[in-house]
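Each value in this text was obtained by applying a stated rule to the coordinates, not by laboratory testing. Please read these numbers as outputs of a predicted model, since none were measured by experiment. With ideal geometry, Cβ positions are generated from the backbone for all residues, glycine too; neighbour counts draw on all protein chains shown.
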Amino acid sequence: MPGPLIEAKDVTVRFGYGSEAIDAVRNASIYVNANEAVGVVGESGSGKTTLARVVVDLVQPTAGQILLDGVPVIHAGSRGGFPRADRWKVQMVFQDPYSSLNPRQRAWESVAEAIQVWQRVPARVARERALELLRSMGITEDQAGRFPRALSGGQRQRVSVARALAPRPQALIADEPTSAIDQSAQAHLLNLLRRIQKERGLALLFISHDLGVIRYLTSRVYVMKAGEIVEWGPTERVFQQPEHPYTRLLLDSVPGRRVVRRTAAVVP
Amino acid sequence: MTATVTPLLQVEDLSVAFRKPGGRLLPVVDKVNLTVGVDRAHGVVGESGSGKTMLCRTLIGTLRRHGAVVTGGRILLDGQDLARADERAWRKIRGRVIGYVPQSSLASLNPVLSVETQLVEAVTVAGRTSARDARAEALRLLELVRIPRAKQVLGQRSHELSGGMRQRVIIACALAPRPRLLIADEPTTALDVTVEHKILELIGDVRREFGMSLILVSHDLAVVDEVCDEVVVMYAGASVEAGNLERIRPEPRHPYTRALRISRVDSAHPGQDLEAIGGEAPSLGAWPSGCRFWPRCPMAQDDCRPDGQPPLAWFAGRWTACIHADLMERP
């Protein structure tokens, strides 16, 4: 049986120096298999975004390493980061659809650029493939011709997903992709992510503070608090029988849960 | 709609528009109705662009600062119509009778003043205490909003506080004049889920303690459901469904409310797609003719398209703007 596609081993990220130093991530180990959707859930300051950024080589770990197909590609302290030849394998979708697209590029141009670079095809072919990819994300040709400011948050985020898929990656890291968009657009994007994860057999690492989203999308989950992973396991097990008190606190805080109790309490 | 008690606030067919160059008007709130009883909690739910924030701004009289005007309808507070009130009249009401908790707690606290200075200002402006007692009152307010180590926090500035603590300070400021109505516009949107939970609990508790009425604005039906008795759902400037949550929660009678409920991830069936609402909410100035929701509505029929946004009508124990409400199934 093949090992995990991507793995973070004993990763620590320390910000600041001396007595000011804090560990944003401490001794965190996670892995994602091919064809598996894995969640990282935690609140702001838990280190979940930093951990995701280490995996895609946007943040240097202070300790630990990142393995791709069992081969170490990032070591703490080593310069250079992800080998150029492997970079296409792991792509990322960012939290803020308003700042992650180039405002001066039309939607299709953002995607075509990535296709041209990664698939090494002429501009004309790249444009066709970009439009095709965007269409499969539910972006019409008319919308593809617009600048990001003329698209809604949900549309922008779908363009970001298309751009991340341009290199035909094996792993997709999504950092809170639905937290800045409206609820009706959120359902659309989640359906889309679930579909492409299954169709493409992607290793999906999904970072979110939203327990409902994590439960819907992932089969395994890590719960982070103050830089550490406090609980992990199959998503359904963690939701139904949380072992760590913090996980229980998170689950109890979800809006709507209390309503169920309140209503139940009213009925004698 | 209880007819026996006079409501505290009654908004009738309120319309608001942005004033564009050349005198052109761009409608943003369209004939919205809202009745808030004494000691009641009322939710306003809508997505971005639905007009909920402009509705709030109308109710605290700050429309003009945002380049908008009331174009129709009435806002009755204790029988006084505020729709045409001038700034002088609003100054007696804003902050005093109607308190306001804005969305961004970071932007609404002064970064160079201590928490104490700002609270003392809120207390003295409210005119309830002498300057000498104001400091004691400031401390009492911080304790009321359950800030631990309140004495220490008094000396701190906003950047030293967490998002949840800042929001508590804002709530304390808003409570200083003992308003009869508190308007909270997305008060928990930027907060973590555990903090959100505590802030909602706090808002609910102080509301009951003060016998205050509340308008809680949110994009999230579940958040409103935590705290409120009644709700009005807004879409593209219009109120599309309004009434008691006990009725609307189990059985929405407008397709948009229903969509908001069933597109939530918590109502997903394992392995199945979420029920997404197709299309996009219309932008300002591009509202469709007929029912605003018909281009995205799964049950739209030909007669939904002409005749402008349907007014709210009483049906199955709540107000709905859907002319086919009788055809809807329980989610």
Problem - Helix axis angle, B:193-210 relative to chain B longest principal axis, alpha carbon, degrees - result: 80
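Where does each of A:Y222, B:Y235 land when they are ranked from fewest to most other beta-carbon atoms within 10 angstrom? If you can, show how the numbers build up before the last one.
Values: A:Y222 25, B:Y235 29.
Least crowded to most crowded, the residues run A:Y222, B:Y235.
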Exercise for the section: Evaluate the charge dipole of chain B about its Cα centre and quote only its size in Debye, nearest 20, assuming +1 on the Cβ of each Lys and Arg and -1 on the Cβ of each Asp and Glu. Expected result: 1360
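If you wrap the protein assembly as shown's Cα atoms in a convex hull and average its projection over all directions, what's the area in nm²? Before the final figure, lay out each step's value.
Numbers: hull surface 124.0 nm².
In nm², the orientation-averaged hull projection of the protein assembly as shown is 31.0.
What whole-number volume per residue, in cubic angstrom, does the convex hull of the C-alpha atoms of the range B:153-225 give? Intermediate results must be reported in sequence, preceding the final value.
Details: hull volume 6.8 nm³, N = 73.
Normalising the Cα hull of the range B:153-225 by residue number yields 93 Å³.
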Practice task
Treating only the Cβ atoms of Lys and Arg (+1) and Asp and Glu (-1) as charged, compute the dipole magnitude of the range A:47-150 about its Cα centre; round to the nearest 20 debye.
Solution key: 200
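Give me the orientation-averaged projected area of the Cα convex hull of the range B:261-331, in nm², one decimal.
Details: hull surface 24.0 nm².
Averaging across all directions leaves 6.0 nm² for the Cα convex hull.
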Practice task
Just report the Cα centroid separation between the range B:102-146 and the range A:10-71, whole Å.
Solution key: 41
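Rg/Rh for the range B:77-190: what does it come to with C-alpha atoms and Rh from Kirkwood?
Details: Rg = 14.4 Å, Rh = 14.6 Å.
A ratio of 0.99.
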Exercise for the section: Take every Cα-Cα distance within chain B, group them into 20 Å bins from 0 onward, and report for each bin the whole-number percent of pairs it holds. Expected result: 30, 56, 14, 0
Problem - Furthest towards positive pole of dipole, B:P306, A:A24, B:C228, structure part the protein assembly as shown, Cβ charges - result: A:A24
Problem - Simple Cβ-charge dipole of the range B:68-112, Lys/Arg +1 and Asp/Glu -1, about Cα centre, in debye nearest 20 - result: 100
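In square nanometres and to one decimal, what's the mean projected area of the convex hull around the Cα atoms of the range B:1-159? It would help to have the intermediate numbers written out before the result.
Numbers: hull surface 47.6 nm².
Hull-based average projected area comes out at 11.9 nm².
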Problem - Listed residues A:P4, A:W232, A:A126: farthest to the positive end of the dipole of chain A (Cβ charges) - result: A:A126
Exercise for the section: Just report the Cα centroid separation between the range B:234-299 and the range B:1-77, whole Å. Expected result: 21
Practice task
Using only Cα atoms, locate the centre of the range A:214-255 and the centre of the range A:117-156, then give the distance between them in Å, rounded to an integer.
Solution key: 36
Practice task
Please build a GNM for chain B, connecting alpha carbons under 10 Å apart, and tell me which residue among B:A268, B:A190, B:A131 fluctuates the most.
Solution key: B:A268
Practice task
Note the angle between two axes, namely the Cα long axis of helix B:115-126 and the longest principal axis of the Cα atoms of chain B, as a number of degrees from 0 to 90, rounded to the nearest 10.
Solution key: 80
Fill in the blank from the handout: Taking Cα atoms, the helix B:163-175 axis meets the longest principal axis of chain B at an angle in degrees (rounded to 10) of 80
